[in-house]
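Input: a single structure, listed below in structure tokens.
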Amino acid sequence: MTYFLPSLMLFCLMLGIFLGYPVALLLGGLSLIFTLVGDIPLATFGLVVNRVYGGVLSNWILAAIPLFVFMGIMLDKSEVARNLLRELEGLFAGKAGGLALSVIIVGIVMAASTGIIGASVVLMGTLALPVMLGQGYDKSLAMGTILGSGTLGILIPPSIMLVVFGDIMQVSIGSLFAAALLPGAMLGFFYVCYVVFIAMRNPEKAPPLQRDESELVGSLISRLAINLIVPAALISSVLVSIVLGIATPTEGAAIGAAGALLIAIANRKLTFEMFGSALRETTLTTGMILFLAIGATAFGVIFSRLGGHDLIEHVIGLLGGEPYIVLLGIMLLIFILGFFLEWIEISFLALPLLAPIVGNLDFAPTVVSQHDVLIWFAVLVAVNLQTSFLTPPFGYALFYLKAITPSGITTGDIYRSVVPFVAIQLFGLLLIMIFPSIALWLPRVL
């Protein structure tokens, strides 16, 4: 009976999620209910209040979240990606798979500049999908390329997810940014290899776009360089300042937000209406994250008082003492949760429970030192959660694309299109598990 109440609390949480209750309200409500059911003194809620004000609302690091969100929204509204995609389409014209390669490159740039999955998928779906389908692209390849590259924003820094991870796990955000760079680039490279393979094996699935012979290649390259240099300079200034410790994550985010505002002004896209819309979207996104943080804090306090940590340790103990088996089991659990929950919910619910367990696992010091375990684990979770945007039934990237696809494309078509890209992501996850240096080499060097 020791584990009955925490098990029941988890069951009620999953049941409430399936019934469609807002997760933040569900977390807070269950905390109050199980405080009464578990005969926990109401004074315990004083700990919740202390943690909310001391650990969430007054946390200086979390101030980076609205700044990064604002930076991404402003860059999206400045049409940086739109201009870059147009020039890349012209550069790759005449080459099989050129359109898909253009989408992947723009997806990587948007991932590093905006990090907002919905914006990336909707923008590339609106701009590139009609052109790809009109050119005769295989619809699965076209949609899968947009969805796969669009979800890179949750991994490639500066990523909001990594900021949240750093706060929850008490790990340097600069180290997390450095650790996620190579895995993010690796996945982007795998996407490129997949598209090139399909284009070489079945050119009819990725036919070339007709080249405008009047367009000079030199002119295309110069325009491409201009459209690439501006966002690259902004991204580099933000990442380098944070990773090298020149600026704190919040200061780096402020640099990025100010730079994005200047780019909007330079592109003559800044209007009062656009600025107000960006502020509203930033406020809504930040409010959602903080509301979930508050609910998860209350849930975590009561769950722990009921013996929840003992329950988790008992379940993990059933996997045996082999560290890699335990890590594999945790990755499988997070992958399954990704079918039903958003990354932000999994982060606030699972990481506080699982990170201490992984931190105490005894991996070979020559492979992963005790100091690096949590950084490595955070990158593994980030790559894992990237798949949550693509896995039905609640993969949000799938819904974003479905909202803008032509009427002839079914939900089943979209589900099938992501299978190769989910497989690539899982292959990348496995590589990072087997070769931790993929994630840890750059932080160690820096």
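Read-outs throughout are calculated quantities, based only on the coordinates presented, and are distinct from any laboratory measurement. Note that the structure is a prediction, hence the values are computed from the model and not measured. With ideal geometry, Cβ positions are generated from the backbone for all residues, glycine too; neighbour counts draw on all protein chains shown.
Things to note:
- Here the dipole of the chain is about 580 debye; that uses its Cα centre as origin and unit charges on the Cβ of Lys and Arg (positive) and Asp and Glu (negative).
- Phi to ³J(HN,Hα) by Karplus 6.51 cos²θ - 1.76 cosθ + 1.60 over segment 247-258, Hz, x for Gly, Pro: 10, 6, x, 5, 5, x, 5, 5, 4, x, 5, 5
- Using alpha-carbon coordinates, inclination of helix 323-337 to the longest axis of the chain, degrees: 70
- Of the residues ALA43, ILE73, PRO157, the one whose Cα sits farthest towards the positive end of the charge dipole of the chain is ILE73 (charges of +1 on Lys and Arg Cβ, -1 on Asp and Glu Cβ, taken about the Cα centre).
- Length gained on full extension, LEU426 to MET14: 145.8 nm, using 0.36 nm per residue less the C-alpha separation.
- Ranking ILE117, PHE34, LEU374 by Cα position along the charge dipole of the chain, where only Lys, Arg, Asp and Glu carry charges on their C-beta atoms, puts ILE117 farthest toward the positive end.
- Residue of LEU85, LEU341, LEU333 that the Gaussian network model of the chain assigns the largest fluctuation, springs spanning Cα pairs under 10 Å: LEU333
- Cα gyration tensor category, rounded, prolate or oblate, for the chain with a/c compared to 1.5: prolate
- Spin-label model, LEU333 to LEU25: label points 7 Å out along the Cα-to-beta-carbon direction sit 2.9 nm apart.
- Computed from Cα positions, the angle between helix 4-18 and the longest principal axis of the chain comes to roughly 30 degrees.
- The protection proxy used here, the mean number of other Cβ atoms lying within 10 Å of each residue, ranks peptides 255-266, 157-168, 142-153 as follows, highest first: 142-153, 157-168, 255-266.
- Here the Karplus curve 6.51 cos²θ - 1.76 cosθ + 1.60, taken at θ = phi - 60°, turns the phi angles of segment 97-109 into couplings of x, x, 5, 5, 5, 4, 4, 5, 4, 5, x, 5, 5 Hz, with x standing for Gly and Pro.
- Checking the cross-link pairs LYS139/LYS205; LYS95/LYS402; LYS95/LYS205 against a 19 Å limit on the alpha carbon distance flags LYS95/LYS402 as lying beyond it.
- If only the Cβ of Lys and Arg carry +1 and only the Cβ of Asp and Glu carry -1, the dipole of segment 264-355 around its Cα centre is close to 400 debye.
- Residue by residue, segment 151-162 carries 3J(HN,Hα) couplings of 8, 5, x, 7, 10, 5, x, x, 9, 4, 4, 5 Hz when phi is fed to the Karplus relation 6.51 cos²θ - 1.76 cosθ + 1.60 (θ = phi - 60°); x denotes Gly or Pro.
- Computed from the C-beta positions of ARG268 and SER237, the FRET efficiency with R₀ = 25 Å rounds to 0.65.
- Gaussian network model of the chain, springs between alpha carbon atoms under 10 Å - residue of PHE68, PHE389, PHE339 with greatest fluctuation: PHE339
- Global form of segment 321-443, assessed from the alpha-carbon gyration tensor, a/c cut-off 1.5: prolate
- Between ARG201 and GLU322, the FRET efficiency from the beta-carbon distance, with R0 = 41 Å, is close to 0.55.
- On Cα atoms only, tilt of 343-359 relative to the major axis of the chain in degrees: 60
- Contact order normalised by residue count of the chain, Cα under 8 Å, 6+ apart, percent: 26
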